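Here is the structure we will look at, set down as structure tokens.
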Amino acid sequence: MAPTLSSLPITIARITIALTSPLAAAQMDIEDRLGAFFGVPEQPLRRVALCWQESTQAPVPLGELIYDPGSIWTMYRGGGRYYAALHYPAEDGSSQTQGVLCANPSWDELNLTEHRHGQRWQSLLALGAGELILRTTILFTEGLVLHASGLDDNGKGIVFIGHSGAGKSTQAELWCQEAGVTAMNDDRVAVRVERGSPRCYGTPWGGTAEIARNHAAPLAALIVLEQAAENSMELLAPAAAAPLILARAFLPYWDRDLMHLALTNLGEILSRVPVYRLRCRPERQVVDLVRSVL
């Protein structure tokens, strides 16, 4: 007898991932990470069908290796489909493929095959597989995922962009003490232009401060963070801002057409959203400086 499938919609940045699985969310251990994102909004921008299945052994990706970033996953292509092999260190320190995410070219028909092992098993949907799905599917909705922290300052979305250690989590902590501020995420923020209006979204994957809220706001500014001895803020021209944003975006280097989508989306975002370079110390005065500009 075939196993009974459960259905669960997960919506991140208005992209609904329609999950079907023989396991319930609790069995997959995805509720802590994704629970706040369960459900379907009134008007999702895109629907992605995701079928989860179990393998009795480590699954094997098909096709030829086309991209190896050196951590967590590698990308293969074969038969007109993509296969991302995901691997995390096991409890005994070894590393093997724990899951394979298969996607069609438009990334709206997906299969995630996982090998359950270890007492603390958790579905990769709550980890790298889920992130990879969002990073790629958002490209088809005029969006990008940035290595950034995002907050809602009384109705103004502000996204602080930076590499690890640039101060994203510090900014989130500073701003959280202000009235009317909602921190959305301190490490992964989704941005897009929707019908001419820029917006930013929290995602389930936070950073050191573990901030990951299901919250959205109109995007007022992108701010590139740099540590400095003195506080200063300057407006950047789109041509100067583009390489700084690209260096801090999660891009589909494995496919030329997807990269074209990503660059087109960035161009649209930069045409409508001001980008500033913020050189600063980790202090409360930065809040006043940013607010004086925005």
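Please treat every number below as a calculation from the coordinates, not as lab data. It should be emphasised that the depicted structure is a prediction, and the values quoted were computed from it without experimental measurement. Neighbour counts run over all protein chains shown; Cβ positions are idealised from the backbone, glycine included.
GNM on the chain, alpha-carbon springs under 10 angstrom: the most fluctuating residue among ALA25, ALA84, ALA217 is ALA25. Does segment 6-140 come out rounded, prolate or oblate by the C-alpha gyration tensor, with a ≥ b ≥ c the root eigenvalues, rounded set by a/c under 1.5 and, if not, prolate when a/b is larger than b/c and oblate if not? In terms of gyration-tensor shape, oblate.
In the elastic network of the chain, a GNM with C-alpha springs shorter than 10 Å, the most mobile of THR208, THR20, THR97 is THR208. The 3J(HN,Hα) values that the Karplus relation (6.51, -1.76, 1.60; θ = phi - 60°) gives for segment 123-128 are, in residue order, 4, 5, 4, 7, 10, x Hz. Gly and Pro appear as x. Looking at segment 143-293, the DSSP beta bridges with both ends there are about 75 percent antiparallel. For segment 151-157, putting each phi into the Karplus relation 6.51 cos²θ - 1.76 cosθ + 1.60 with θ = phi - 60° gives couplings of 8, 10, 9, 6, x, 10, x Hz, in residue order, rounded to whole numbers and with x for Gly and Pro. Helix-only estimate, please: 222 nm mean residue ellipticity of the chain, summing -39500 (n - 2.57) across DSSP H runs of length 4 or more and dividing by its residues, to the nearest 500. When only DSSP H runs of four or more count, the value is -6000 deg cm²/dmol. Note that segment 64-174 carries a Kirkwood radius of 16.2 Å, evaluated over its alpha carbons pair by pair.
I'd like to compare 227-235, 47-55, 151-159, 134-142: which one has the highest average count of other Cβ atoms within 10 Å, and what's the full order after that? Intermediate values should be presented prior to the final figure.
Details: 227-235: 11.9, 47-55: 17.2, 151-159: 20.6, 134-142: 22.1.
Highest to lowest by the protection proxy: 134-142, 151-159, 47-55, 227-235.
Roughly speaking, what % of Cα-Cα pairs in the chain are separated by over 31 Å, rounded to a whole number? Summing the P(r) of the chain above 31 Å gives 30 percent of all pairs.
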